[in-house]
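Asks: Take a look at this one; I'll ask things after.
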Amino acid sequence: MGNSQANQKENQDQYKGGIFIQIPKTNYTSGELIEGTLHLSVLKQYQGHMLTVCLEGIEETHFTYTINKIGVKPSHHKIEKHIGEGSKVFLNLAVPLYDFQNGDNNNQFMLMPGQFQIPFQIQTSANLPSSFKFKQDEENYCSLKYTLKAFIIPLVVSDEKIEGFQEIAIRQQEKKDQEQELPYTHLTTEPFYCCCAYGSYHQKLSLQESYYSPGQTIDATIDCDFSKFDEKVSQVEISLYGILNMKSVSDPIRNKFIGLQQISYEAKVENKKCQQVVKIDIPDNYPTSIEGELINVQFYVDVTPIIQSCCLEQQTPLKLDVYINPKQNDNLPEQRQIERPQNWNPNILAVQTFDQQQAAEFQNQKLKFFKENGDNQIQSNLMNKPEMENPLI
């Protein structure tokens, strides 16, 4: 046996086994049923018996923010840079599949080496947020991701796990207008500068709907009247843009707002008025709305007059919220591949129905397991890390 083969055999011997999660695809819609097959290889005796599949959703944020420290003297003033971080498991849906102990109350039960195969199903909730990844630079980034995990809950919490994982993507269900009035807003503005009044102007903005998808076109109807405004306005800017809000979990909680891609058009003002429909083309790769607990992405269409005056600052724009639905096949996780060993001949298991006592025992074991492994992100990352090239060998 060559050195590489000997090292591979030595590395594999230190593990008690592994699980490969086989699924037909890696992209799902919230509310969809996830179906697949678990392929389980037990290499050594293992003190555990409850085979479980779990869907985990986790949000992570990392960003910088500054705090102005005011000293006694101006020379003592300084700006301190801080890090805001957040990590939150917002979904932990665990489903028991098979009890190798068959309900016997034996804390010394040992699962013998073997190969097994069993189908599984997990019903997702209809209100899950979309998978999301964003990176501005090395210090400002966030993600919202989902991972299928399969494991045998160990009777000794500190024991080495038999487990496997597969990252998947979930997208929010598309939202649509249902027999509601067109989104509409209007505003009368009376600018002031140094106690001087400059008259007033009126703006109206309406859209054909509130929900869109990348690749679609937004028809923004604008109606602006500057006849009672003293300053010259030659153009009006119409924009579609997004705001990403990342939240930390520190004390105090911090928020960081980052502007996303902006698409802008200009409409001419003639005879003090501007009335037209502006078509805003949403790019195919445009980001989408996210409604998470630590991550939120909101989009707006706004109208801002371009005032040709050095005295007046830019006024607060007139804006409407819009929702950008996610596309189905964007940024899909890579599906793990595996080659079954030549001697692969698994026992085919059927999903069991658990009685009240088994269900209670499962809940106790699950709580103990996740308390040890899921309360902090360091442990979560360790669980996500693959333990060997081929978990079946």
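The values are calculated or read from the model by the stated rules, or taken from the named source; none is laboratory data. Keep in mind that this is a model prediction, so the values were computed, not measured. Reconstructed Cβ throughout: ideal geometry from the backbone, glycine too, with neighbour counts over all protein chains shown. Heavy atoms of the whole protein, side chains included, go into the accessibility calculation; ligands, DNA and RNA do not. Shrake-Rupley method; radii C 1.70, N 1.55, O 1.52, S 1.80 Å.
Asks: Can you tell me which of (1) open to solvent by 40 Å² or more (accessible area, probe 1.4 Å); (2) touching a residue at least 24 places away in the same chain (Cβ under 8 Å); (3) closer than 29 Å to TYR323 by Cβ is the one ILE170 doesn't meet?
Replies: (1)
Asks: Scan the range 132-151 residue by residue and report those that are of a type outside the set (Ser, Thr, Tyr) and either under 21 Å from GLU174 (Cβ atoms) or assigned to a strand (DSSP E or B) (or both).
Replies: As a first pass, look at the range 132-151 and keep what is of a type outside the set (Ser, Thr, Tyr): 132-140, 142, 144-145, 148-151.
PHE132, LYS133, PHE134, LYS135, CYS142, LEU144, LYS145, LEU148, LYS149, ALA150, PHE151 - these are the residues of the range 132-151 that are of a type outside the set (Ser, Thr, Tyr) and either under 21 Å from GLU174 (Cβ atoms) or assigned to a strand (DSSP E or B) (or both).
Asks: What are the residues in the range 99-126 that are at pLDDT 90 or above, open to solvent by less than 40 Å² (accessible area, probe 1.4 Å) and not small (Gly, Ala, Ser), if any?
Replies: If the condition is that a residue be at pLDDT 90 or above, open to solvent by less than 40 Å² (accessible area, probe 1.4 Å) and not small (Gly, Ala, Ser), then ASP99, PHE100, LEU111, GLN115, PHE116, ILE118, PHE120, ILE122, THR124 are the ones that fit.
Asks: Residue check, TYR193 against (1) within 30 Å of GLN108 (Cβ to Cβ); (2) at pLDDT below 85, all met but one. Which one?
Replies: Failed condition: (1).
The rows are residues; the columns are (1) assigned to a strand (DSSP E or B); (2) not hydroxyl-bearing (Ser, Thr, Tyr).
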| position | (1), (2) |
| --- | --- |
| THR52 | yes, no |
| ILE58 | yes, yes |
| TYR65 | yes, no |
| LEU91 | yes, yes |
| VAL95 | yes, yes |
| ASN106 | no, yes |
| SER130 | no, no |
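Asks: Right, next: Residue under question is VAL157, and the condition is that it be assigned to a loop (DSSP other than H, G, I, E, B) and either surrounded by fewer than 21 Cβ atoms within 10 Å (Cβ to Cβ) or over 30 Å from the mean Cα position of the chain (by Cα) (or both); does it hold?
Replies: Criteria met by VAL157.
Asks: Moving on. Would you be able to say whether some residue in the range 300-308 is within 30 Å of TYR141 (Cβ to Cβ), touching a residue at least 24 places away in the same chain (Cβ under 8 Å), open to solvent by 20 Å² or more (accessible area, probe 1.4 Å) and of a type outside the set (D, E, K, R)?
Replies: Looking for residues that are within 30 Å of TYR141 (Cβ to Cβ), touching a residue at least 24 places away in the same chain (Cβ under 8 Å), open to solvent by 20 Å² or more (accessible area, probe 1.4 Å) and of a type outside the set (D, E, K, R), one finds at least one in the range 300-308, hence yes.
Asks: Within the range 248-273, which residues are open to solvent by 100 Å² or more (accessible area, probe 1.4 Å) and outside any strand (DSSP E or B)?
Replies: Within the range 248-273, ASP251, ILE253, GLN262, ASN271 meet the criteria.
Asks: Also, I was wondering about something else. Select, from GLU80, GLU139, GLU56, the only residue that is under 30 Å from ASN347 (Cβ atoms) and among the charged types (D, E, K, R). So that I can check it myself, show each step before the final result.
Replies: On the way: GLU80 fails: under 30 Å from ASN347 (Cβ atoms); GLU139 fails: under 30 Å from ASN347 (Cβ atoms).
Result: GLU56 is the single residue among GLU80, GLU139, GLU56 that is under 30 Å from ASN347 (Cβ atoms) and among the charged types (D, E, K, R).
Asks: Mind checking which residues of the range 206-247 are among the aliphatic types (A, V, I, L, M) and out of contact with any Cys (no Cβ under 9 Å at 6 or more places or on another chain)? Step through it out loud before you land on a result.
Replies: Residues of the range 206-247 that are among the aliphatic types (A, V, I, L, M), as a first pass: 207, 218, 220, 222, 233, 236, 238, 240, 243-244, 246.
LEU207, ILE218, ALA220, ILE238, LEU240, ILE243 - these are the residues of the range 206-247 that are among the aliphatic types (A, V, I, L, M) and out of contact with any Cys (no Cβ under 9 Å at 6 or more places or on another chain).
Asks: From the set of residues in the range 214-247 that are of a type in the set (Gly, Ala, Ser) and at pLDDT 90 or above, which is most open to solvent (accessible area, probe 1.4 Å)? It would help to see each step written out before you state the result.
Replies: Filtering the range 214-247 down to residues of a type in the set (Gly, Ala, Ser) leaves 215, 220, 227, 234, 239, 242.
Applying the additional criterion that residues be at pLDDT 90 or above yields 215, 220, 227, 239, 242.
Numbers: GLY215: 47, ALA220: 0, SER227: 70, SER239: 2, GLY242: 1 Å².
Ranking the candidates gives SER227 first.
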